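Scroll down for the structure; my scribbles are underneath it.
Just so you know, all these numbers are worked out from the coordinates, no wet-lab data involved. Since we're looking at a predicted model, the values are computed, not measured. Every residue, glycine among them, receives a Cβ derived from its backbone with ideal geometry; neighbour counts consider all protein chains shown.
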Amino acid sequence: MIRTFQARLATLSNPSISLSRTFCRTMEVLSTKKCVPCNTKDLRTLTEEAANQLMPQVSGWDLVNDGGTLKLHRSWKVKTFTKGLEFFQEVANVAEAEGHHPDLHLVGWNNVKIDIWTHSVSGLTENDFILAAKVNGLDVQHLLSEKLSRPAQTGA
Ligand SMILES: C[C@H](O)[C@H](O)[C@H]1CNC2=NC(N)=NC(=O)C2=N1
């Protein structure tokens, strides 16, 4: 009992451990959340500042401003064209389950690019970060080219 108490005390007194634990807990929260219907009446866009605060929870994704519309963007290199389509199918399964959908691009035969934003409000909402976090959690390593892709499993 004493050891547990001491161990817990050490954790609490060490801000880096407790902070990372809080951070990890927060990360888990985002990827286990559910998207809300995009026609929800009080769905509000996130400010760029609020979006930036969520970026650490969707590692590998970039926050881009596309002609005034904030979006999440990430790209991967896949082994083959058909593995790119398999990647799309994995993402589509998540999107359909969430009722929230990304823009999927497969260019130059082996470059997968995904953009996520909330069309109904022409900006970013928490839905987009939930979807991005769930995409990060997909087991797609076997579809990716070992050479040039950023690790797909990035602490999601
Ligand atoms: C009613 C339902 O929520 C809407 O049709 C959904 C479908 N998927 C969607 N996906 C995205 N990214 N944005 C939307 O506005 C959106 N609307």
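The modelled label-to-label distance between Leu85 and Thr32, using points 7 Å beyond Cα along the C-beta direction, is 3.7 nm. The packing ranking, built from the mean of other Cβ atoms within 10 Å per residue, places the peptides 84-97, 110-123, 129-142 in the order 129-142, 110-123, 84-97, highest first.
With both labels modelled 7 Å from their Cα along Cα-to-Cβ, the Lys77 to Glu98 distance reads 2.6 nm. Taken about its Cα centre, the stretch 33-143 carries a charge dipole of roughly 200 debye when the Cβ of each Lys and Arg holds +1 and the Cβ of each Asp and Glu holds -1.
For the pair Leu106 and Ser145, the difference between a 0.36 nm per residue extended length and the Cα-Cα distance amounts to 12.6 nm.
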